[in-house]
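Chemist: Take a look at this one; I'll ask things after.
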Amino acid sequence: IDVVIVGLGYIGLPTAAILASNNVHVVGVDVNPATVDAVNAGEVPFVEPDLSIYVAGAVKNGTLRASTEVPEAGAYIIAVPTPFQDDHSADLSYIEAAARAVAPQLRGGELIVLESTSPPGTTEHLAQYLIELRPDLSLDGADGRPALLLAHCPERVLPGRVMIELVTNARIVGGITPAAAERAARLYATFCQGEILTTDASTAEMAKLVENSYRDVNIAFANELSLISDRLGIDVWELIRLANHHPRVNILQPGPGVGGHCIAVDPWFIVAAAPEQSRLIRTAREVNDGKPAWVIERVREAVARTGATSVAALGLAFKANIDDLRESPSVAIVEQLASALPEVTVSVVEPHVSALPAQLDAPNIALTDLDGAIAASAVVVLLVDHDAFVSLRSADLSGHVVIDTRGFLGRADATTFQPLNTTV
Ligand code: SAJ
């Protein structure tokens, strides 16, 4: 076996499939037997364009198989979750469990890559943990003990384009030692056509966190402008559009808050690592996390003013034109609105899902269609700038109080705002 990948999720399985399709012999390991059975049958347990073609082809060719047990291999890639806990620090227990599964197979000389998004110092922690488990091995060959090569290689692929971006994106490879970085760079070069940039492990860990924090801070700036503008009676959308005519100004768009499983999480890993120094990054998180409560307050004011018995809530996804509801501020807004106003019906419109998530299982929340929701509701809150809502721009909304959290209705362009760094 050339490579073992521990964790067959959104990153591990595509990486296994792309390596295997380049004639590398790969075993994918997962604790979930259903995932293992699916992969061995050439099937994919989640939706990602083209992934099933790669998996089915590699399984048929015999270069990919899955198992619940870790076999011996020349290289190991760990791609398990690192969720954040109530105190905002990362839960490293999945990484430690992966290390315990890999440790008995090691003889020295193997490459071990951590791909999971991790706080700075995690690869070093993994390295020390492996040496604790295997004191007969080392990280530098000291005392004649065979060395392990440890590296961090964060992914930056965009869901929906994973099979393309795995090949075309530049990769940062950070080694615990320069030799480890070199060895990891050689492995990624088997399928990655982008630039492969080598550094140390902590810098690689930080690079991933910093990319997402940069975006979070910029979105927080836009969200703060929306609060200031509301206070001063200024149209924030016009304000930003005008300011962005300056050649060196590029303000992002305010919204109902920041969602998704990366940008709302990763900055906290930096704050947890250096709390005293991370004042701006922490405040940005707080500004963005505070936005849903501000939106709810605006809706409550409108309901009180109009005596509305129904509110139309347009969009649940965490951003435009996707069906992903994870960590979505819109879901939180609908949930809290319905519980704060039990006598009001919240008519949710989300064309990308066929049922409401369990979190929104309440007697006064209903999934409905756009025309029905608007007709029934004196108050309309637009939460996601889906293309499916474009018809509202020419609709007669007089008689409704409209709270447009995305500045969607006044936008001249028919298509939605495209975030920077994305090419979909
Ligand atoms: N948002 C705004 N205003 C904006 C831009 C975005 O409110 O001007 C909101 C969105 O509505 C959404 C959230 O921010 O709720 C995040 O959306 P996004 O499109 O900025 O990012 P993600 O979470 O889909 O993907 C990010 C990307 N990172 C960067 O752009 C630096 C992607 O390249 C990463 O691969 C991904 O995180 C990841 O996996 O880390």
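Chemist: With θ taken as phi - 60° and the coefficients 6.51, -1.76 and 1.60, list the Karplus ³J(HN,Hα) couplings across the range 217-230 in order, rounded to whole Hz; mark glycine and proline as x.
Modeler: So the Karplus estimates, Gly and Pro as x, are 5, 5, 5, 4, 4, 5, 5, 5, 4, 5, 5, 4, 5, 4 Hz.
Chemist: Something else: Once amide H atoms are built 1.01 Å from N in the peptide plane, which residues 5 or more positions from residue 77, or in another chain, come under 5 Å H to H?
Modeler: Hits under the 5 Å cutoff: 4, 5, 6, 113.
Chemist: Need one word for the chain: rounded, prolate or oblate. Basis is the Cα gyration tensor (sqrt eigenvalues a ≥ b ≥ c); a/c below 1.5 gives rounded, then a/b vs b/c decides.
Modeler: Verdict is prolate for the chain.
Chemist: Amide H to amide H, which residues 5 or more places from residue 310 or on other chains are under 5 Å from it, using H placed in the peptide plane?
Modeler: Result for residue 310 returns 345, 378, 379.
Chemist: Find how many whole Å separate the alpha carbon centroid of the range 57-73 from the alpha carbon centroid of the range 179-200.
Modeler: So the separation of the two Cα centres works out to 23 Å.
Chemist: Let me ask another. What is the dipole size for the chain, taken about its Cα centre, with +1 at each Lys and Arg Cβ and -1 at each Asp and Glu Cβ, in debye to the nearest 20?
Modeler: 680
Chemist: Show which lysines lie in cross-link reach of residue 319 when reach means a straight Cα distance below 30 angstrom and same-chain residues fewer than eight apart are skipped.
Modeler: Those lysines meeting the cut-off are 208, 291.
Chemist: Mind listing the phi-derived Karplus ³J(HN,Hα) values for the range 241-255, rounded to whole Hz, using 6.51, -1.76 and 1.60 with θ = phi - 60°, and x for any glycine or proline?
Modeler: Running phi through 6.51 cos²θ - 1.76 cosθ + 1.60 with θ = phi - 60° gives 4, 5, 4, 6, 6, 5, x, 10, 10, 8, 7, 7, 9, x, x Hz.
Chemist: Also, I was wondering about something else. Could you please state, rounded to a whole Å, how far the C-alpha centre of the range 222-286 is from the C-alpha centre of the range 370-385?
Modeler: Centre-to-centre distance over Cα atoms comes out at 26 Å.
Chemist: For the range 325-351 and the range 292-318, compute the distance between their C-alpha centroids and round to whole Å.
Modeler: 9
Chemist: Short version: ³J(HN,Hα) in whole Hz for each residue of the range 66-83, in order, from phi by Karplus 6.51 cos²θ - 1.76 cosθ + 1.60 (θ = phi - 60°), x for Gly and Pro, what are they?
Modeler: 3J(HN,Hα) across the range 66-83, in whole Hz: 10, 7, 8, 10, 8, x, 6, 7, x, 9, 10, 10, 9, 9, 10, x, 10, x.
Chemist: To continue, here is another question. Given the options 138, 381, 334, identify the residue whose Cα lies farthest towards the positive end of the charge dipole of the chain (+1 on Cβ of Lys, Arg; -1 on Cβ of Asp, Glu).
Modeler: 381
Laboratory data are not the source of any read-out in this text; all were calculated from the coordinates shown. Quick caveat, the model's predicted, so the values are computed rather than measured. So basically every Cβ, Gly included, is an ideal-geometry build from the backbone, and we count neighbours across all protein chains shown.
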